Structures are given as structure tokens and as C-alpha cells.
Amino acid sequence: MKVYPKIPRYDHPVVSDSLFEAEDLTLLEKFDGSSFRFTLYDDRYAEFYPDQVESAADGDGSLVFGTRKAIRGCHQDNIDDIDGALHRAVRCLRDGIDTTVLRGFHDEYESPLVIYAENLVYSTLDYGYTERELPALVGFDVLPYAETETMTPPGNPYEETFEGFLSLEAAWDLFEQIRIADVPVGVSFVPAEIIEPPSEDFDPKSYAFPTSSLATDVTVEGVVARSDEHGQRTKLVREEFEELNREQFGRRPEDAETGAEYVVACYCTPARIRKQIRTMVLEEGREFGLHLNDDLYPRVVEDIWAENWPELMNLDIALTPADVYPLVAQRCITELRKMQTNAELNETNPTAVWEHLS
């Protein structure tokens with residue numbers, strides 16, 4: 001399954017101003033969740049599938065799924081063997097997707113298809129996961145396998161076009177036909193929200209972001225502007241969302257303004273935090289909860305120093321070690337909240353969330 005191409009920001013050099021003048025320019029809501037893709041394994045088109053998909057499939061009719069970077073399994077796998085953050089998405093594949101209809105589209109396009117969606121798990125924006133029922137997967141693009149060989153030019157990954165993807169109209173028609181409507185909202189599949197078409201004098205620099213289709217009290221993360229005529233996508237991300245993201249997860253190393261921020265950006269990874277949480281809960285018998293942070297963040301700091309001290313001792317940047325602690329504490333409490341919310345959402349144990357995705 002092809003990895004979804006990178007979508008450049010509207011001000012990236014590869015984005016032409018002519019894109020915003022396209023007659024078919026369409027804006028879609030950009031959701032804050034986790035990348036997800038799936039495909040129906042169809043024996044009739046076996047020659048199209050890469051080895052990873054064929055290995056993950058449990059025979060004809062399997063829905064093979066993956067995150068952005070890896071194939072994770074098929075919808076018939078034992079749910080306990082699937083990462084906890086994907087449980088709701090997999091239940092959606094089992095209950096919310098009509099594989100018979102999807103197989104029919106293979107005949108229409110003479111090729112199997114990759115369907116790209118957002119797995120609605122709590123990341124930065126809280127759409128009210130613990131207060132309202134939300135769909136599991138939001139579809140936003142479709143690519144026939146037969147088109148994948150024409151899509152990856154050498155060099156800059158942002159120069160990859162979206163030529164070969166189904167048109168907006170064709171993709172949304174497919175979404176509506178393959179989704180099973182009469183299932184509980186929590187395991188449902190829906191198309192991404194199409195926002196009111198932009199005006200003729202659309203200016204991405206002054207765009208006023210609307211509220212989310214998922215929650216009227218939440219402003220969208222951003223929007224994706226797409227044109228089938230140009231074979232391109234570009235994204236506009238709300239500045240306030242980027243600031244909220246920095247507050248929760250810290251700055252990127254290249255954006256760090258202090259030595260402490262740089263250390264946290266480089267070494268206080270979600271995987272490191274989760275490792276300590278699982279040790280405390282699974283090996284030491286501690287009860288999971290936000291209260292763990294009192295002991296968690298000092299342990300994470302200790303782990304950073306123990307494992308990375310050679311690099312830290314040779315940093316070419318001024319560092320006050322004590323300043324690392326409050327930054328790590330913030331990262332840890334954020335990770336605990338995410339694990340807690342997504343465990344409830346996916347009906348699984350908090351320590352199983354992102355257990356295999358680190």
C-alpha cells in the first residue's frame with residue numbers, strides 16, 4: 001500500500017499560486033488524529049499487491065490496514081494482537097465497511113484500491129472524545145494500485161503529485177457506497193467534510209478557519225486545498241493549533257530557544273515516556289492514572305541522562321539541567337492524558353495504546 005504523499009504547506013516553494021485559481025479548487029477539513037490506510041485483498045488482482053499486503057492478508061476478502069509508515073495487519077486478526085490505538089478503527093473495518101461493494105469498485109477501476117483515512121484518536125485537539133460519539137474513520141482520498149508507479153519522482157518528496165488519485169466526486173461516491181450507514185457512530189466510516197467552496201479571490205494568508213464538523217465548539221486544525229485539475233494538495237494549518245501543539249508536545253529541535261527545550265525535543269520522546277509508564281504499571285503494579293506523573297517525569301529525566309549522557313555532555317548549547325524537569329513533566333502529563341482518553345475510546349487497557357506503534 002502506497003504511503004500517502006506529503007502535503008506541503010500553502011507557502012512551500014513547490015506550491016504554485018495558480019493552484020488557488022483552479023476552477024475546481026476544493027477545501028476539506030483537516031482532522032487531528034492519526035494516519036490510517038486500508039485495502040481489500042482480492043485474489044483476482046493478486047499481482048497488484050506488494051508482499052507486505054499479501055503476507056498480512058488472511059486470504060481473499062481481508063481488509064489489510066496500516067498506519068502512515070507500516071502495514072499493521074488485517075481486520076480478521078485477533079483484536080488483542082492489534083495495537084490499542086487501532087482497535088476502534090479495526091472494529092470500523094469489521095462492521096462499517098461493505099467489502100462486497102468495495103470489491104465491485106475493483107472491477108470498475110480494473111485495479112484494487114488504497115483508501116486513506118484519518119483514525120480519530122486524541123492527539124492535540126479534543127473533539128469531545130469522552131463527551132460525544134464520534135466516527136472511527138474519516139475517508140479523504142483513494143488511489144488505484146495501477147496508478148502508483150507514476151507518482152514518485154526523485155528528489156524532493158513534496159514534489160510528488162496526486163495524479164492518479166480518484167477525483168473528488170469519484171472518491172466521495174465510493175465512500176458513500178462502501179460505508180455501512182446503520183452501525184453505531186463509534187465504529188462508523190464517514191467522508192471528510194467538504195467546506196463551502198472558496199471565493200474567487202481566495203487568499204490562504206487571510207483565510208478564516210471554520211468550526212469542525214465533529215464539534216461546533218472546536219475550530220478545525222486546518223484545511224486541505226485540493227485540485228484534481230492540478231493534481232495537487234496543499235494544507236493551511238491554524239496558527240493557534242500549532243501553538244497548542246507546541247505547548248503540549250514541545251518545540252522541534254530546530255525551533256528550540258534554550259538548551260532545555262533542545263534536550264526535551266531531541267530525547268523526551270513519546271516512546272521513552274510510554275516505556276516508563278508501562279514499567280510502572282505492568283512490572284511494578286502501579287495503578288494507571290494521571291497521578292503517576294509525580295514519579296514519572298523524574299524517571300524520564302533520569303532515563304534521558306543515563307542513556308544519552310555522552311551526547312548531552314558534548315552539546316554545543318548552554319544548558320541549565322534544572323530547566324529540563326518542568327518541560328518533561330508537561331510532556332509526561334500530556335502523554336498520560338492521551339493514553340487515558342484513547343484507551344477509553346478504543347475500549348482497551350491504557351498500556352496497550354501505542355504499544356506496538358512506538
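Structural remarks
- If you sort the three axes of the alpha carbon gyration tensor as a ≥ b ≥ c, you get a/c of 1.5 or more for region 250-352 and a/b above b/c, which makes it prolate.
- Cleavage-rule hits (GluC sites (Glu not before Pro)) in region 18-93: DSSP loop, at most 15 neighbouring Cβ within 10 angstrom: GLU23
- Of the DSSP H helices in the chain, those whose Cα atoms cover at least 20 Å axially and whose Kyte score averages -0.5 or more: 324-346
- Note that the chain shows a convex hull volume over its alpha carbon atoms of 160 Å³ per residue.
- Of LYS275/LYS338; LYS6/LYS69; LYS30/LYS205; LYS6/LYS338; LYS235/LYS338; LYS6/LYS275, those spanning more than 21 Å from alpha-carbon to alpha-carbon: LYS6/LYS338; LYS235/LYS338; LYS6/LYS275
- Value of D in µm² per second that Stokes-Einstein yields for region 31-118, Kirkwood Rh from Cα pairs, at 37 °C (0.692 mPa s): 249
- When only the Cβ of Lys, Arg, Asp and Glu is charged (+1, +1, -1, -1), the dipole of the chain relative to its Cα centre reaches about 1060 debye.
- Sequence-distant residues sharing a close amide H with THR219 (under 5 Å, placed H): SER212
- Contact order normalised by residue count of the chain, Cα under 8 Å, 6+ apart, percent: 22
- Structure-based [θ]222 nm, the chain - -39500 (n - 2.57) summed over DSSP H runs of at least 4, per residue, nearest 500: -9500 deg cm²/dmol
- For ILE195, residues with placed amide H under 5 Å, excluding near neighbours: LEU27, LEU28, GLU29
Read-outs: derived from the displayed coordinates by stated rules, not from any lab. Because the structure is a prediction, the values reported are computed rather than measured. FYI the Cβ positions are ideal-geometry reconstructions off the backbone, even for glycines, and counts take in every protein chain you see.
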